[in-house]
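Take a look at the structure set out below.
Every read-out reported here was derived from the displayed coordinates using simple, explicitly stated rules and does not represent laboratory data. Here the structure is a predicted model, which is why all the values come from computation and not from measurement. Because the Cβ atoms are built from the backbone with ideal geometry, glycine has one as well, and the counts that use them run over all protein chains shown.
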Amino acid sequence: MSYDRIWAAVKQVPRGRVSTYGRIAELVGAATPRVVGYAMAALPEGSDVPWHRIINARGEISLPRGGHGHRRQKRLLQEEGVRFDRQGRVDLDEFGWPPG
DNA sequence: AGATTGACTGCAT
DNA sequence: CATGCAGCCAATC
């Protein structure tokens, strides 16, 4: 089982932008959103895959609220210039990738 | 081999 | 805008 294709697609998300599980799934063409999420969870710690740029279709971080991972992801995105609204959501029309 | 679960999504209510 | 529900595929038990 190799998530290489999924990871390769995630690597193409430019800095300061975010993409969704569904978009990545469409991009690789051989996975459904759930599998993309599964691939993210299976990611080794020191990988160069920008996993934090992947959020759900509603523009929100999909990790459990208050969890360690959730906070880390939000911080990484903010460091790249991605802005969150008061509800902790990203405007996909502005930061989503691919655009449109 | 069958049941359960998960970093999901889209449509209906 | 929030909930509920079915469909989805792979990993785990």
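With a cut-off of 9 Å between beta carbons, the residues surrounding A:R17 carry a summed charge of +1, where Lys and Arg count +1 and Asp and Glu -1. Calculated mean residue ellipticity, 222 nm, chain A: -11000 deg cm²/dmol, from DSSP H runs (n ≥ 4) at -39500 (n - 2.57) each, averaged per residue and rounded to 500.
Taking label positions 7 Å along the Cα-Cβ direction at both A:A57 and A:H70, the computed distance is 2.1 nm, reported to one decimal. For A:D91, A:D85, the sequence from fewest to most other C-beta atoms within 10 Å is A:D85, A:D91. Arranged from fewest to most other beta-carbon atoms within 10 Å of their beta carbon, A:S19, A:S47 become A:S47, A:S19. Using a cutoff of 8 angstrom between alpha carbon atoms and counting only pairs six or more residues apart, the relative contact order for chain A works out to 32 percent.
Averaging the inverse of every distinct alpha carbon separation and then flipping it gives the Kirkwood radius. What is it for chain A, in angstrom units? Write down the numbers at each step before the final one.
Values: mean 1/r = 0.0743 Å⁻¹.
Across chain A, the inverse of the average 1/r is 13.5 Å.
Ranking of A:V13, A:V28 by neighbouring Cβ atoms within 10 Å, starting from the fewest: A:V28, A:V13.
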